[in-house]
Amino acid sequence: MRVSARRDTVTAGPSPAGPRAWQDGLAGGSGLLDRLGRWAAGPGGRLIVVVWLLLAGGAALLLPGLTQRLAPPSLEVPGSPSAAAAAVVARGFPELGSEQVMLAFGSPTLNADDPRYQRAIAATVEALAARPDIGAMLPLPEPGTPPPSPPPPSPSPDTGGTPPLAETRATPPPAESGGRHPRHAYVLAGVHGDELARQRNLPAQLATARRAAQEASAGAVTVTILGVSRAFAQLAHADLADLRSMEAMTVPVAALLLVLGLGAVGAAAVPLVVGGAAILTGMGALAVAATLAPVDSTMLTYTVTMSLGLGLDYTLLILLRYRQARRAGLAPAVAAGRAAATAGSTVTWCAAAIAVTSCPLLVVGVPWAHSLALAGMLAAFVTLAAALTLGPALLSQLDHRLEWGTLPWHRPGRGTGPWRGGGRVRWVRGAERMMRRPGRYALATVAVLALAALPVLHLRMGLHYDRPALAGTDIGAGLAGLERDGVAGLTTVALPHPGRATPVDTFAFQQALKTDPRVTMATVLDNGRDLTVMLVADRCPPDGAAAAGFQRDLRALAARLLPAGQPVLAVGPAARLGDLAAGAVNGLWQVLAVVLLASFVLLMVTFRSLLIPVKAVAMNVLCVCAAFGLLTVVFQDLGGGGADINALLPLIVFTIVFGLSLDYEVFLVHRIAEHYRRGGDNTAAVLHGLRHTARPITLAAAIMAVTFGGLMLTRRLDFQQGGFAVAAAIVLDATIIRMVLVPSLMRLLGRGNWWLPRLSVPRRR
């Protein structure tokens, strides 16, 4: 192929062949990585393999401990209104605890007013009251009946004036009231401890309650604990089973793609071994970390997914350069050094890009986002270490086995391709046409992406309990029962009155709530010292839009009917979920600004160009918008239930997609820059970059898309949405963006691609 630099046109001709073609791209790179690759492929090879075997084996032994310590994702947002309300309630009413949960009683044969049923409730309340992690318990009356009045406060130094609510007994509801199911009863319970302690104490609390109810009623009455912590704890247990099934499906598909892409079973085995070692080591690191700090199920899921995808991709790039060096006649150790110096440098930069795009999640005031940041950084560093050490070691030791199981169409003398140095295939001719009319291709690509992004304009976001994932569990049935019985939501309204012992005048507020058809209970408590609390039960599921509307109306009503200047704080499942969603959305703009700036600086320093980073950042933003547009269509518009998009997804998808997009940008532009700086011909450099990166980018993107697409096999709707969004973004990025839009724009910009203004410093006279 001959390219005229002056007129910037393309003419067809034979592709370069021979040793020089094979050696292209093997020069330069990092001398340190070259020495590391040679050492790993030579004298240090066996030691490296042994070390990674020990790491993987030790991690496998630690996995049972990790599954036992695994915690649900944190739902609290420090400094949020709900967190402030919880702290005020915990100080003023210690017996109400840091969270209020619901004991849900049911029976297939007995009504709630049956003596055996009442004995079961009393026995359960007594058994739980004996636990130090359970505080006050208050029965919820039947909607339409007066609530039970708690005993008057008995101020004491021990309770701080807290009424002894644990002594309150359930008032039997009417058997047939037309409201609550006659065989259901509910008791509100305060739970002590921080979020992690509450989650860890849940199994023992549930066992205590069930044992007491069963013994008191001879098995006729059942009980479960309902609350936001319990719901997400149940989801965490489901995550482990989903993770195993996801790996069982995605790993074979990724292996098949590697065999087809590399053309040999032996070559495909190397990335699989490196990826497996990275996954086990990453999980082992999480198991060690779990002994010191909470590790949640989302962190584990994304660490495994990222480690699998990055481990396969990074080792694949080094493997392709190694095979190229071996075909150029280099010895195995030298070839491993050259592969580590060249592809290893690219891989190192890519891992740094993943870490850099993950770090901004640490500035978001949502602990759940911090878990994702740590998962991304852990996966990047572990897979980088495995690719740069275990990869060269295996390549050298298995050098004579790499071509084992070669596919028939990849055997010598059969089939040609641009990376083999012979023939011209259709995509090469297409690339030549694109170089002649880059403007048309660029406009068409931008139009397709913009069209895909349009549905983002009507995207709805929210946080939900993910009822399909809870289906078939006692918590799922309990939540459905709460909603049918009109006590779906529970809000604790804290009304502090420091400096005066008289309770807040809540009469008008309480009466207004009782006339609201959404409200089924409004009970007022006062500690006789500095805090009045109102417990409000409503019919709105806490994870729905109706609950958010009720929370707004509740605050507006309190501001209008309570004494002027009275502080109003609210906490409950709906308030917690609302603050979590708001924290994630508000934090998105911080992350967006930091990631865009960091990406721009990294690309500018790497390529010594101003326009390349501007172009890359703009295209990545367009790619993310297009992926979310497709996500909106598939899950919100076409989905049977019209599901909202998880409010936490933009943080996840944006950081992951941006990091991976920077990887593919480096793969392509680095090759273009190498050729341009050698010959100064921009069009030839773009074609050269396409010829030598089309296969690695396509294969790496296919593997990553399969890896994240595997999340769609889980039961968690947020995992399904996240997996689809990331997979869609990767496919868009690796096809129409990297293979069409980037080359077209670089052809249009010409020498401007490499322009970087120089700062002139005035000389002193």
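Over all alpha-carbon pairs in the range 261-329, figure out the percentage whose distance exceeds 18 Å. Can you show the working numbers first?
Details: 1117 of 2346 pairs.
Within the range 261-329, distances greater than 18 Å cover 48 percent of Cα pairs.
Accessible surface of Thr693 in the full protein assembly, 1.4 angstrom probe, to the nearest 10 Å²?
Counting only protein heavy atoms, the figure is 10 Å².
Only helical DSSP H runs with n ≥ 4 go in: add -39500 (n - 2.57) per run for the chain, normalise by residue count and round the 222 nm mean residue ellipticity to 500 deg cm²/dmol. Write down the numbers at each step before the final one.
Values: 24 runs with 442 residues, N = 765.
Result for the chain: -19500 deg cm²/dmol, rounded to the nearest 500.
Please report the carbon-and-sulfur percent of the accessible area for the range 312-401; probe 1.4 Å, protein heavy atoms only, DNA, RNA and ligands left out.
Details: 1600 of 2330 Å².
Summing carbon and sulfur atoms, their accessible area is 69 percent of the total for the range 312-401.
Given H placed on each backbone N at 1.01 Å, which residues far from Asp526 in sequence or on other chains put an amide H within less than 5 Å of it?
Val533
Compute the length gained on full extension between Arg751 and Leu47: take 0.36 nm times their separation in residues and subtract their Cα-Cα distance, giving the result in nm to one decimal.
248.6 nm
Between Thr473 and Arg244, how high is the FRET efficiency from 1/(1 + (r/R0)^6) when r is the Cβ-Cβ distance and R₀ = 30 Å? Nearest 0.05. Intermediate results must be reported in sequence, preceding the final value.
Working: r = 18 Å, r/R0 = 0.61.
My answer for the efficiency is 0.95.
By how many degrees, between 0 and 90 and to the nearest 10, does the Cα long axis of helix 649-679 differ from the longest principal axis of the chain?
So the inclination is approximately 10 degrees.
What is the percent carbon and sulfur in the accessible area of the range 211-261, measuring with a 1.4 Å probe over the protein chains and ignoring ligands? Please list the in-between numbers first.
Numbers: 1310 of 2020 Å².
In the range 211-261, the share of accessible area belonging to carbon and sulfur is 65 percent.
Pop out the ³J(HN,Hα) list for the range 87-95 in order, Karplus 6.51 cos²θ - 1.76 cosθ + 1.60 with θ = phi - 60°, rounded to Hz; leave Gly and Pro as x.
5, 5, 5, 5, 6, x, 10, x, 5
With an 8 Å Cα cut-off and a minimum separation of 6 or more residues, compute the relative contact order for the chain in percent. Display every interim value, and only then the final one.
Numbers: 1368 pairs, mean separation 145.1, N = 765.
The value is 19 percent.
Working from Cα positions, state the angle (0 to 90°, nearest 10) between the long axis of helix 426-436 and the longest principal axis of the chain.
90 degrees
I'd like the orientation of helix 228-262 relative to the chain: the angle between its Cα long axis and the longest Cα principal axis, in ° from 0 to 90, rounded to 10.
With rounding to tens, the tilt is 20 degrees.
How big, in percent, is the set of alpha carbon pairs in the chain lying more than 51 Å apart? Walk me through the numbers on the way to the answer.
Details: 79671 of 292230 pairs.
Taking all Cα-Cα pairs of the chain, the fraction more than 51 Å apart is 27 percent.
Towards the positive end of the charge dipole of the chain, with charges on Cβ (+1 Lys, Arg; -1 Asp, Glu), say which of Pro542, Leu316, Gly578 has the farthest Cα.
Result: Leu316.
Got a number for the accessible area of Leu260? Probe 1.4 Å, square angstrom, nearest 10.
The accessible area comes out at roughly 90 Å².
Which net charge results for the neighbourhood of Ala700, defined as the other residues with beta-carbon distances under 12 angstrom from its beta-carbon, given Lys and Arg at +1 and Asp and Glu at -1? List each step's numbers first, then the result.
Working: positive: Arg695, Arg738; negative: Asp313, Asp663, Asp733.
That works out to -1.
Hey, what's the chain come to in accessible area per residue, 1.4 Å probe, Å²?
40 Å²
Test of understanding: what is the full-extension gain from Trp404 to Ala207, defined as 0.36 nm times their sequence separation minus their Cα-Cα distance? List each step's numbers first, then the result.
On the way: separation 197, 0.36 × 197 = 70.92 nm, distance 5.61 nm.
Separation in residues times 0.36 nm, less the Cα-Cα distance, equals 65.3 nm.
The values are calculated or read from the model by the stated rules, or taken from the named source; none is laboratory data. Every value quoted in this text rests on a predicted model; they were computed, and no experiment measured them. Positions of Cβ are generated from backbone atoms using ideal geometry, with glycine treated the same way; all protein chains shown enter the neighbour counts. Each accessible area value is taken on the protein alone, full model and side chains, heavy atoms only, with ligands, DNA and RNA left out. Shrake-Rupley method; radii C 1.70, N 1.55, O 1.52, S 1.80 Å.
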